[in-house]
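> Sending over a structure as structure tokens; questions will come in a sec.
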Amino acid sequence: MTTEELKRFEIPGRVSIFDGNGELPKIEVTTDTSTAEIYLHGAHVADFKKKGEPSLLFTSQCSRFEAGQPIRGGVPIIFPWFGPREGGAAHGFARAANWVLQETSSIPCGGVSLRFRFPGSPENALMPAFSAYYVVTVTDTLSLELIITNTSPDQELTFENCLHTYFTVGDINVVSIRGLKDVTYLDKVDGFTQKTEQNDAIRVTGEVDRVYLNTTSAAEIHDPGLGRRILVEKSGSASTVVWNPWIAKSQQMSDFGNDEYLRMICVESGNVATNKLTLAPGKSSVLKVVLSSSRL
Ligand code: BG6
């Protein structure tokens, strides 16, 4: 859909649609308490900001905004696989697909809800049939729901999914992540070695790339730099991924600034690795994440 065709989804004072970075159609949402920016490209929430606060989400100044390329930051939708795959795009094909906007609506208490549909991709031709919808609800919190349904009459659908949320922090050196103590994780920077989290408050002092398994708990980011506590609540998710590229990897990534690792942390919610999902024909899964913040 072109930006002109999308204009019918505008809601005066609440939803406006125009060309954003890279001339990709962008939806700007204004509620009584917050603002958000969403690209049709990837159904990608690129920003969410409570009035009077710094952005909750982080997007790189070096991000590409190009058809076929993922946006670096915000909330990439990872589906149907997590990580690299031979012959396929890293983290699956959903994050660079041109999702279809189906509905925008004002909701009580001055919020806005938007619904997107996955358009299909040549890459999913080898999978059993499925549908994917994404519902974004903006109030003083950001609520994200990814709904996958196996629409095949007779085949099981197996996949990984993840809402790869990038958060803005004041200074990574003083940030801690809570809610994962005693959880088993795969340490990707140590050859996927399985370990158990010992810390109540996880500090980031080097590259961190961990897949925490079998955990349905909320995670918290304590950020004394911005005086903020971010709460990542989730349902329909058994994995939490924590990622910060640190210095060397930041320098290797062409779509990420060399020192941006200081101002971001990813705490992602999904079902990956041994927590991948299998749906019988006709069955659905709902991955839901609610992001909120309060003063520390
Ligand atoms: C994280 C992975 O979720 O995403 C990391 O655990 C990966 O291994 C990171 O480096 C970024 O991935 P990409 O494909 O967006 O560069």
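> Using a 10 angstrom cutoff on alpha carbons, build the Gaussian network for the chain and name the most mobile of 102, 252, 69.
So, out of 102, 252, 69, the one fluctuating most is 252.
> Need the list of aspartates and glutamates near residue 234 for cross-linking: C-alpha distance under 15 angstrom, and skip anything on the same chain fewer than eight residues off.
Correct list for residue 234: 145, 220, 268.
> Over the Cα atoms of the chain, each weighted equally, I'd like the Debye log10 I(q)/I(0) at q = 0.10, 0.14 Å⁻¹, rounded to two decimals.
The calculated log intensity ratios at q = 0.10, 0.14 Å⁻¹ are -0.51, -1.06.
> In addition: Can you give me the C-alpha center-to-center distance between the stretch 1-65 and the stretch 235-273, rounded to a whole angstrom?
22
> Right, next: Hey, any idea what % of the chain's accessible area is carbon plus sulfur with a 1.4 Å probe?
Solvent-exposed carbon and sulfur of the chain make up 47 percent of the total.
> In what order, largest first, do 39, 133 sit by accessible area if the probe radius is 1.4 Å?
Ranked from most to least accessible, the order is 133, 39.
> Still on this structure, I have one more. For the stretch 234-296, what is the convex hull volume of the alpha-carbon atoms per residue, in Å³?
On the way: hull volume 9.1 nm³, N = 63.
Here the figure is 144 Å³ per residue.
> Could you give the dipole magnitude of the chain about its Cα centre, charging the beta-carbon of Lys and Arg +1 and that of Asp and Glu -1, in debye to the nearest 20?
Taking the Cα centre of the chain as origin, the dipole is about 420 debye.
> Given the convex hull over the Cα atoms of the stretch 118-260, what projected area results after averaging over all orientations, in nm²?
So the Cα hull casts an average projection of 11.1 nm².
> Just round it to a whole percent: the fraction of Cα-Cα distances in the stretch 192-296 exceeding 16 Å.
Taking all Cα-Cα pairs of the stretch 192-296, the fraction more than 16 Å apart is 66 percent.
> If you scale each eigenvalue of the Cα gyration tensor by 5 and take the root, what three semi-axes come out for the stretch 204-253, rounded to whole angstrom and sorted largest first?
23, 17, 8
> In the chain, if the dipole is taken from +1 on Lys/Arg beta carbons and -1 on Asp/Glu beta carbons about the Cα centre, which of 241, 92, 199 is farthest to the positive end?
199
> Also, I was wondering about something else. For the stretch 218-288, what is the relative contact order in percent, using Cα pairs closer than 8 Å and at least 6 residues apart in sequence?
Computed value for the stretch 218-288: 34 percent relative contact order.
> How fast does the stretch 1-75 diffuse by Stokes-Einstein, in µm²/s, taking the Kirkwood radius from C-alpha pairs at 4 °C and 1.567 mPa s?
Answer, rounded: 101 µm²/s.
> While we're looking at this one, here's another question. Suppose we keep just the alpha-carbon trace of the stretch 76-164; what are its Rg and Dmax in angstrom?
Rg and Dmax of the stretch 76-164, Cα atoms, are 14.5, 47 Å.
The values are calculated or read from the model by the stated rules, or taken from the named source; none is laboratory data. In this text, all values refer to a predicted model and were calculated from it rather than measured experimentally. Methodologically, a virtual Cβ is constructed for each residue, glycine included, from the backbone with ideal geometry; neighbour enumeration extends over all protein chains shown. Keep in mind that these areas ignore ligands, DNA and RNA; they rest on the heavy atoms of the full protein, side chains included. Shrake-Rupley method; radii C 1.70, N 1.55, O 1.52, S 1.80 Å.
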